[in-house]
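Inspection log for the structure reproduced underneath, given as structure tokens.
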Amino acid sequence: MSAVMTALIGLLLASPASAQQLPAELQNPNVEIVYKEPRTAAFKPIAERVKQRRVLEQLRVFMAPLRLPRKLTVNVDECGAPMREYQPQGPVVICYEVIDKIEKIAAKADANVRERVLVGAFIQAAFHETAHAVFDILQIPVWGRANDAADRLAAFIMLNFGEDVAMQTILGTADFFRLSGRTWTGSEFAEANSPDAQRFFNYLCIAVGGAPKTFDFLVNPKEQDEQLLPDPRAERCQKEFEQVRMAFNLRIMPHVDPDILVKVRAIQWLLPINGR
Amino acid sequence: MIPMIRIVALSAAFAAVILAAQPASAQIPPELKNDKISFAYVPPDSPKLQPIMERLKNRQLLEKLAAFLSPLQLPHAFYLVARECKEPNAFYNPSNWRIEICYEMIELIEKVAPRPNNPVDGFTRDEVVVGAFVGVLIHEVGHAAFDMFNVPVFGREEDAADEMAGFLAVQFNKQVARTVTRGFAYLWQAAGRMGGEPKEWAEYSDEHGANQQRYYNVLCMGYGADPQHFKDFIDKGWLPKERAAGCAAEYQQARQAFAKTVLPFINQGLIKKVQETDWLK
């Protein structure tokens with residue numbers, strides 16, 4: 001576990017360098033951030049780490065291009081469960097429990113992918129919850145199940161910040177679902193959210209559709225490796241990606257300041273893992 | 001007549017096809033016409049499917065579907081085709097703007113439906129045959145609408161098409177709502193029984209949800225639209241309370257998405273007439 005803790009320091013969203021040098025001009029005046037104190041003692045070290053790493057400050061910089069018609073609060077909080085379902089008007093809540101779960105799952109991962117699980121799964125959780133808020137605040141029509149829509153938007157965003165970010169976030173997310181997930185049975189199929197197995201493939205599909213060269217190994221693996229995305233699904237992925245891109249351009253892009261977006265995209269959000 | 005020429009030009013295979021120019025019918029209000037919509041019953045090769053085609057023709061299935069869709073302000077031609085496919089399915093093909101309904105799909109629905117005069121769990125044969133088939137049709141109408149109107153679809157399109165079917169089912173009288181919602185749900189339940197639950201990880205890679213998920217999604221849309229009318233979904237334990245609690249919000253999400261992305265393409269004068277018509281009589 002201590003190896004994981006060490007790995008986490010200097011992770012969560014950004015490299016140490018950029019975490020300390022958040023561009024002061026990149027703010028979103030409508031995003032308020034609050035670190036809530038956890039009641040459970042076991043979460044206190046997590047709370048300290050996310051605060052030190054300025055995780056929410058970074059998320060707020062990341063959201064700088066988004067023109068919001070009203071305030072949105074983003075909290076890190078103790079929820080009693082890994083997720084607290086987003087309610088209209090917010091806030092966005094990232095639960096200490098999900099960070100705890102990510103750390104525990106990452107500890108089970110092979111050492112060479114542990115870091116990307118920590119980073120990728122955390123960013124996934126943050127983006128997914130934020131996506132729900134964006135749909136709500138901007139009154140965006142959502143066809144399809146809301147949680148899948150939030151996942152597809154999160155995956156789409158992950159692909160827009162260069163190859164390193166795309167690789168770490170998409171693969172870290174996929175590892176996380178694979179390590180924590182199991183197949184379903186009986187009335188579990190009644191749940192409004194989708195099983196981790198479906199979410200795993202949804203993220204990989206958007207990735208293969210949007211960055212086919214980068215993620216080619218998911219469909220055409222080296223000899224010994226497993227094909228992670230089966231052909232019948234892979235064939236549809238470019239269309240799936242284009243569908244999300246079209247929806248994004250039509251419904252979200254009009255609320256994005258293009259000049260600020262360029263500045264946010266110019267930030268090196270994650271150092272390449274092998275570059276350390 | 002122009003649509004007829006176009007569909008023949010599209011494919012030589014359709015040369016032998018019966019193309020109809022919407023003959024007047026007692027049941028179909030004459031004002032529900034849309035020149036952009038054409039339809040064809042393609043004679044099947046397989047003799048056992050011949051009676052299915054005959055039945056569809058006698059019941060004016062495609063004539064009714066064309067009339068039902070007549071309020072759509074289409075950007076181009078739109079074709080409704082019933083044909084043999086060698087598989088029980090239905091499709092929307094965005095490359096030629098065609099909804100294709102396989103005779104085998106009807107065969108399958110008739111196979112899984114309860115026997116005549118022998119309801120299963122309160123589901124009658126007629127209800128399932130009609131409701132499931134209409135559900136499949138309007139699922140494909142959903143795909144067609146998403147494509148032809150460039151609808152932004154953030155979620156998974158197959159679920160979105162089921163939502164469209166579930167949403168449209170409850171926009172008519174209560175009897176229609178009940179027949180289509182229950183019949184469509186029954187179809188997914190039966191498909192789930194036949195196919196079993198997905199067990200291996202890779203089985204979850206399909207772009208469609210599991211049949212079991214689709215069953216609950218359809219129940220949820222109906223219950224969310226009208227909890228009183230569909231109270232029996234809860235009483236009978238079909239829809240778990242935890243899911244049911246969110247169904248009103250799920251229905252509202254679909255309703256708002258429809259209002260923003262599809263409704264602007266619907267002729268408001270004609271849609272009233274469509275809603276007043278008893279399609280399942």
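Each reported figure results from applying straightforward, stated rules to the coordinates on display, with no laboratory input. A quick note: this is a predicted structure, and the numbers were derived from the prediction, not measured. With ideal geometry, Cβ positions are generated from the backbone for all residues, glycine too; neighbour counts draw on all protein chains shown.
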Quiz item: Among the lysines, which have Cα under 21 Å from the Cα of residue A:36 when same-chain residues fewer than 8 positions away are ignored?
Solution: A:44, A:51, A:71, A:101
Self-check item: the stretch A:165-258 - Rg and Dmax from Cα coordinates, angstrom
Solution: 15.1, 47
Quiz item: What is the log10 of I(q)/I(0) for chain A, computed with the Debye formula using one identical point scatterer on each Cα and no solvent, at q = 0.10 Å⁻¹?
Solution: -0.49
Practice problem: Give, as a single signed number, the net charge of other residues whose beta carbon lies under 15 Å from the beta carbon of residue A:254, with Lys and Arg counted +1 and Asp and Glu -1. | Solution: +2
Quiz prompt | Loop sites in the stretch B:153-205: trypsin sites (Lys or Arg not before Pro), DSSP, at most 16 other Cβ within 10 Å | solution = B:199
Quiz item: Can you give the relative contact order of chain B as a percent, counting alpha carbon pairs under 8 Å and 6+ residues apart?
Solution: 15
Quiz item: According to a simple spin-label model (label point 7 Å from Cα along Cα-to-Cβ), what is the distance in nm between residue B:120 and residue A:188?
Solution: 2.5
Quiz item: Rounded, prolate or oblate: which one fits the stretch A:142-190, using the alpha carbon gyration tensor with axes a ≥ b ≥ c (rounded when a/c is under 1.5, else prolate when a/b beats b/c, else oblate)?
Solution: oblate
Exercise. Quote the relative contact order of the stretch A:205-273 in percent (integer), defining contacts as alpha-carbon pairs under 8 Å separated by 6+ residues.
Key: 31
Self-check item: Spin-label model distance (nm) - residue A:266 vs residue B:252, 7 Å beyond Cα toward Cβ
Solution: 4.3
Exercise. Excluding residue B:46 itself, calculate the net charge of residues whose Cβ lies under 14 Å from the Cβ of residue B:46, where each Lys or Arg counts +1 and each Asp or Glu counts -1.
Key: -3
Quiz item: Rounded to a whole number of µm²/s, how large is the Stokes-Einstein D of the stretch B:170-215 at 20 °C and 1.002 mPa s, given Rh as the Kirkwood radius over C-alpha pairs?
Solution: 182
Practice problem: Evaluate E = 1/(1 + (r/R0)^6) for residue A:21 and residue A:41, where r is the Cβ-Cβ distance and R0 equals 51 Å; express this FRET efficiency to the nearest 0.05. | Solution: 0.95
Quiz item: When a footprinting reagent is the concern and you count Cβ atoms within 10 Å, what order do B:277, A:130 take, fewest first?
Solution: B:277, A:130
Self-check item: Whole-number percent relative contact order across chain A, with pairs defined as alpha carbons under 8 Å at least 6 apart
Solution: 20
Practice problem: Sort B:148, A:253 so that the residue with the fewest other Cβ atoms within 10 Å of its own Cβ comes first and the one with the most comes last. | Solution: A:253, B:148
Practice problem: Report Rg(Cα)/(2.2 N^0.38 Å) for the protein assembly as shown, keeping two decimals. | Solution: 1.04
Quiz item: In whole Å and largest first, what semi-axes does the C-alpha gyration tensor of the stretch B:90-210 yield when each eigenvalue is scaled by 5 and square-rooted?
Solution: 24, 19, 14
Quiz item: With Cβ to Cβ distances under 12 Å as the rule, what net charge do the other residues near residue A:55 carry (K, R +1; D, E -1)?
Solution: +3
Quiz item: Over what distance in Å are the Cα centres of the stretch A:209-276 and the stretch B:92-122 separated?
Solution: 37
Self-check item: FRET E, pair residue A:224, residue B:27, Förster distance 51 Å, beta-carbon r, rounded to 0.05
Solution: 0.20
Practice problem: Restrict the search to the stretch A:211-242; then list the trypsin sites (Lys or Arg not before Pro) that DSSP places in a loop and that have at most 11 other Cβ atoms within 10 Å of their Cβ. | Solution: A:213, A:222
Quiz item: Semi-axes, largest first, in whole Å: what does sqrt of 5 times each Cα gyration tensor eigenvalue give for the stretch B:187-248?
Solution: 25, 12, 9
Quiz item: Taking neighbour Cβ counts within 10 Å as the exposure measure, how do B:49, B:137 sort from fewest upward?
Solution: B:49, B:137
Quiz item: Size of the dipole of the protein assembly as shown about the Cα centre, Lys and Arg at +1 and Asp and Glu at -1 on the beta carbon, nothing else charged, in debye to 20?
Solution: 840
Quiz item: Based on DSSP H runs of at least 4 residues, each adding -39500 (n - 2.57), what is the mean residue ellipticity at 222 nm of chain A after dividing by all its residues, to the nearest 500 deg cm²/dmol?
Solution: -16500 deg cm²/dmol
Quiz prompt | DSSP beta bridges in chain B [antiparallel fraction, %, rounded to 5] | solution = 45
